[in-house]
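The values are calculated or read from the model by the stated rules, or taken from the named source; none is laboratory data. All of these numbers come straight from a predicted model, not from anything done at the bench. Glycine gets a Cβ as well: all are built from the backbone with ideal geometry, and neighbour counts include every protein chain shown.
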Amino acid sequence: MKRVFTVLFVALLALTLAVGCGGQQTPAPSEQADQKDEVIKVGFIYIGPPGDGGWTYAHDQGRLYLEKELGDKVQTIYKESVPEDQEAEKVMRDMIDQGCKIIFATSFGYMDYVEKVAKEFPDVAFMHCSGYKMGPNYGNYFGRIEEPRFLSGIVAGMKTKTNVIGYVAAYNIPEVVRGINAFTLGVRSVNPDAVVKVKWTNTWYDPAKEKNAAIALLDEGADVIAQHQDTAGPQVAAQERGAFSVGYNSDMYAMAPKAYMTAPVWNWGPYYVKQVQAVMDGTWKPEAYWGGMKDGIVDLAPLTENVPEGAKEKVEEVKAKILSGEFNVFAGPIKDQSGNIRVPEGSVLSDEEQLSMDWFVEGVIGEIEK
């Protein structure tokens, strides 16, 4: 009986010490430390190196922005130059083993591997860039890069003297086809006589191959080079030939200052912060995100001294209409290469139609392998 009394007294004393004057029980020191120092780990999978100055560089800038904004609440890791094959699965599993609760897979070809691994790890949030698949714990995200693509086409269309613009293109997937079409529509909105010649490289990151594709286009009469590639190789070729260029992904002025005019660019940072914060708050849900210039995820880089006279004013005029919702890049009438109406006047391509785009607009010289 004495032992029971002693145990009860000790328990009562412990309870008294744990309760503050307001009657609220305070967490144990270890629990307070866990709450204060809790860190969420985030993994990024890159198709190329952050030093590419393009696609991967833009995503890595977003990762660094995430670290800056969330501070010690977040820890990030990344793996560069991951091929779009089963290696991506291994990298994701390795990241999960290291404690990652969120994974951003930043290239189209990772899509099926994200789907597979996500099903194995339902407690991890997966976000895949530029794809279209979704599940209970995985979504996709992209931006309406066709908006600044159109604007960059205005610049190129006003600049060309030969009326031949070269376009070095990665893979013939809807994302790339859509960009070529938007660019060409921009070109021909100010210069109906101009054409856009396409050469495929079947690469995302191969500076030499992409530069050689640009050289071939320059040999065929192009005096402006545009691109959907992750390197500045095509722009370097343009500068060496005394031609001009439109970049992609990030402001590439430093890489070809005598040629570069502008570029459609990405701003991933705010999106990454929003998604990670949602996971931390317990409010995250998979989504198919596709933001535009109005959201700030895409934009046109500042125009340089190489742009033609009047380009700045024209770009600002059309940009204002895009931001207000008055103008849609893929509003009809739009014809295809054969002259057939694909988008009637008064109609607009739906998101679904854009995501499966497998045809070129009038003014494009090139073929889509099917």
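A few remarks follow.
- Among the residues of the stretch 36-69, those identified as farther than 14 Å from Ser250 by Cβ, without any contact (Cβ under 8 Å) to a residue 60 or more places away in the chain and not hydrophobic (A, V, I, L, M, F, W, C) are Lys36, Asp37, Glu38, Glu67, Lys68.
- Selection within the stretch 225-246: residues that are closer than 20 Å to Arg178 by Cβ and aliphatic (A, V, I, L, M). The member of this set that is surrounded by the most Cβ atoms within 10 Å (Cβ to Cβ) is Ala226.
- Of the residues making up the stretch 231-262, just one is under 18 Å from the mean Cα position of the chain (by Cα), closer than 21 Å to Lys161 by Cβ and of a type in the set (A, V, I, L, M), namely Val246.
- Of all residues in the stretch 144-177, those being over 26 Å from Lys370 (Cβ atoms) and out of contact with any Leu (no Cβ under 6 Å at 6 or more places or on another chain) number 12.
- Scan of the stretch 359-370 for residues that are surrounded by 12 or more Cβ atoms within 10 Å (Cβ to Cβ) and over 13 Å from Ala182 (Cα atoms), ordered by number: Ile365, Gly366, Ile368
Condition check ((1) surrounded by fewer than 17 Cβ atoms within 10 Å (Cβ to Cβ); (2) of a type in the set (Phe, Trp, Tyr); (3) touching a residue at least 40 places away in the same chain (Cβ under 8 Å)) across all residues:
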site: Phe108; (1), (2), (3): no, yes, yes
site: Asp112; (1), (2), (3): yes, no, no
site: Lys119; (1), (2), (3): yes, no, no
site: Gly135; (1), (2), (3): yes, no, yes
site: Arg144; (1), (2), (3): no, no, yes
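- Criterion applied to Gly99, Gly139, Gly186, Gly179 was being under 17 Å from the mean Cα position of the chain (by Cα) and more than 20 Å from Asp230 (Cβ to Cβ), and the one residue passing it is Gly139.
- Val164 being farther than 20 Å from Phe330 by Cα, in contact with a His (Cβ under 9 Å, 6 or more places away or on another chain) and aliphatic (A, V, I, L, M): no
- Candidate set: the stretch 154-189, residues that are of a type in the set (A, V, I, L, M) and more than 18 Å from Ala263 (Cβ to Cβ); chosen: the one surrounded by the fewest Cβ atoms within 10 Å (Cβ to Cβ): Ile173
- Subset tally (residues that are basic (Lys, Arg) and within 18 Å of the chain's Cα centre (by Cα)) for the stretch 47-90: 2
- Among the residues of the stretch 55-76, the ones that are among the polar types (S, T, N, Q) and in a helix (DSSP H, G or I) come to 2 in all.
- Scanning the stretch 334-358 for residues that are touching a residue at least 60 places away in the same chain (Cβ under 8 Å) and surrounded by fewer than 17 Cβ atoms within 10 Å (Cβ to Cβ), we see that the one that is farthest from Ile165 (Cα to Cα) is Asp351.
- When residues of the stretch 286-337 are limited to those that are of a type in the set (S, T, N, Q) and within 26 Å of Glu362 (Cα to Cα), the one nearest to the chain's Cα centre (by Cα): Asn328
Here is a yes/no grid of residues against (1) in the same structural domain as Ile103 (by TED's automatic domain parsing); (2) of a type in the set (A, V, I, L, M, F, W, C); (3) in a helix (DSSP H, G or I):
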position: Asp251; (1), (2), (3): no, no, no
position: Tyr272; (1), (2), (3): yes, no, yes
position: Gln277; (1), (2), (3): yes, no, yes
position: Trp284; (1), (2), (3): yes, yes, no
position: Tyr289; (1), (2), (3): yes, no, no
position: Glu305; (1), (2), (3): no, no, no
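- Which listed residue is free of Cβ contacts under 8 Å to residues at least 40 places away in the same chain, within 14 Å of Ile165 (Cβ to Cβ), assigned by TED's automatic domain parsing to the domain that holds Tyr167 and out of contact with any Pro (no Cβ under 9 Å at 6 or more places or on another chain), from Asp223, Asp206, Asp193: Asp193
For (1) among the hydrophobic types (A, V, I, L, M, F, W, C); (2) more than 25 Å from Tyr132 (Cβ to Cβ); (3) without any contact (Cβ under 8 Å) to a residue 24 or more places away in the chain, each residue gets a yes or a no:
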{"position": "Glu240", "(1), (2), (3)": "no, yes, yes"}
{"position": "Gln277", "(1), (2), (3)": "no, no, no"}
{"position": "Trp284", "(1), (2), (3)": "yes, no, no"}
{"position": "Asp295", "(1), (2), (3)": "no, no, no"}
{"position": "Ala301", "(1), (2), (3)": "yes, yes, no"}
{"position": "Lys312", "(1), (2), (3)": "no, yes, yes"}
{"position": "Lys321", "(1), (2), (3)": "no, yes, yes"}
{"position": "Gly332", "(1), (2), (3)": "no, no, yes"}
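- Candidates Ala18, Ala33, Ala58 - the one that is surrounded by 11 or more Cβ atoms within 10 Å (Cβ to Cβ), modelled with pLDDT of 95 or more and of a type outside the set (Phe, Trp, Tyr): Ala58
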